[in-house]
Amino acid sequence: MSSRGTRREYNIVVLGAGGVGKSCLTAQFVQNVWIESYDPTIEDSYRKVIEVDGRSCVLEILDTAGTEQFTAMREIYMKTGQGFLLVYSITSLSTLHELTDLRDQILRIKETDHVPIVIVGNKSDLEEDRAVSRNRAIHLSQSWGRVPFYETSARKRQNVDEVFMDLCRQIMRNEAVLDETRSERSEKKPLGKKKGFCLIL
């Protein structure tokens, strides 16, 4: 079991159009509760400790507003976030289309293509109202370089833990790559400082 000293903190941001169930998804993951009606969120922050592959992690989860008036705040979320759940509703095609703009903004602000992202099709319990086929979402995932895609139901708690765990694993992998790069750089630095100690016989 991981010790408290090795616990890492990761900032996760939940993004998507208004009404797709971001708050319900987050509350179900953090508090194991289904919220039938929810006031439109401006910003809500949650904290949860989880075990991922034997490592203890603290997730700081930011549940953001889906309305356009908060776009300035959204840029701040994107700067500080380490991983992103991009949520749409399977009952609304327009909410899927909105994800492309969100991803473009994230990549622009992060200045890299290697950002941990999970595509989340929420409200999978409303199959009779489905407007977005799984194939359409899978095609989007592939066009983004095989970004993980899940369909979830906050109401029935289906795949709720899985999307957060997947995102956490991506962040951990990213962090490991960055740590490796940093250690390689620090190993190379001292070599550059050694000058002129060459003995020719």
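The values are calculated or read from the model by the stated rules, or taken from the named source; none is laboratory data. Values in this document were obtained by computation on a predicted structure and should not be read as measured data. Positions of Cβ are generated from backbone atoms using ideal geometry, with glycine treated the same way; all protein chains shown enter the neighbour counts. Heads up: the accessible areas ignore ligands, DNA and RNA and are worked out on the full protein's heavy atoms, side chains in. Shrake-Rupley method; radii C 1.70, N 1.55, O 1.52, S 1.80 Å.
Are any residues in the stretch 77-97 surrounded by 19 or more Cβ atoms within 10 Å (Cβ to Cβ) and part of a helix (DSSP H, G or I), and if so, which ones?
77, 78, 95, 96 - these are the residues of the stretch 77-97 that are surrounded by 19 or more Cβ atoms within 10 Å (Cβ to Cβ) and part of a helix (DSSP H, G or I).
In the stretch 106-131, which residues are in contact with a helix residue (DSSP H, G or I) (Cβ under 8 Å, 6 or more places away or on another chain) and loosely packed, with under 11 Cβ neighbours inside 10 Å?
Within the stretch 106-131, 113 is the sole residue that qualifies.
Return the pair list, or none, for Cβ contacts closer than 9 Å from residues in the stretch 169-198 that are under 30 Å from residue 114 (Cα atoms) to residues that are open to solvent by 90 Å² or more (accessible area, probe 1.4 Å) and modelled with pLDDT of 70 or more, at least 6 apart or on different chains.
From residues that are under 30 Å from residue 114 (Cα atoms), the pairs are 169/53; 172/53; 174/114; 177/114.
Looking at residue 95 and the list (1) polar (S, T, N, Q); (2) over 20 Å from residue 147 (Cα atoms); (3) modelled with pLDDT of 95 or more; (4) touching a Phe, Trp or Tyr at 6+ places or on another chain (Cβ under 8 Å), which single condition is not satisfied?
Condition not satisfied by residue 95: (2).
What number goes with the only condition from (1) at pLDDT 95 or above; (2) out of contact with any Phe, Trp or Tyr (no Cβ under 6 Å at 6 or more places or on another chain); (3) not in a strand (DSSP E or B) that residue 74 does not pass?
Single failed check for residue 74: (1).
Condition (residue is over 25 Å from residue 48 (Cα atoms), assigned to a helix (DSSP H, G or I) and of a type in the set (Lys, Arg)) applied to the stretch 130-146: is it met by at least one residue?
Yes, some residue in the stretch 130-146 is over 25 Å from residue 48 (Cα atoms), assigned to a helix (DSSP H, G or I) and of a type in the set (Lys, Arg).
Being at pLDDT 90 or above, open to solvent by 10 Å² or more (accessible area, probe 1.4 Å) and in contact with a strand residue (DSSP E or B) (Cβ under 7 Å, 6 or more places away or on another chain) narrows it down to one of 60, 51, so name that one.
Result: 60 is the single residue among 60, 51 that is at pLDDT 90 or above, open to solvent by 10 Å² or more (accessible area, probe 1.4 Å) and in contact with a strand residue (DSSP E or B) (Cβ under 7 Å, 6 or more places away or on another chain).
Cβ-Cβ below 6 Å, separation at least six or inter-chain, first residue in the stretch 90-104 and within 13 Å of residue 122 (Cα to Cα), second surrounded by fewer than 19 Cβ atoms within 10 Å (Cβ to Cβ) and at pLDDT 95 or above: which pairs?
Going by the 6 Å Cβ cut-off, the qualifying pairs are 90/130; 91/126; 91/129; 91/131; 92/131; 93/131.
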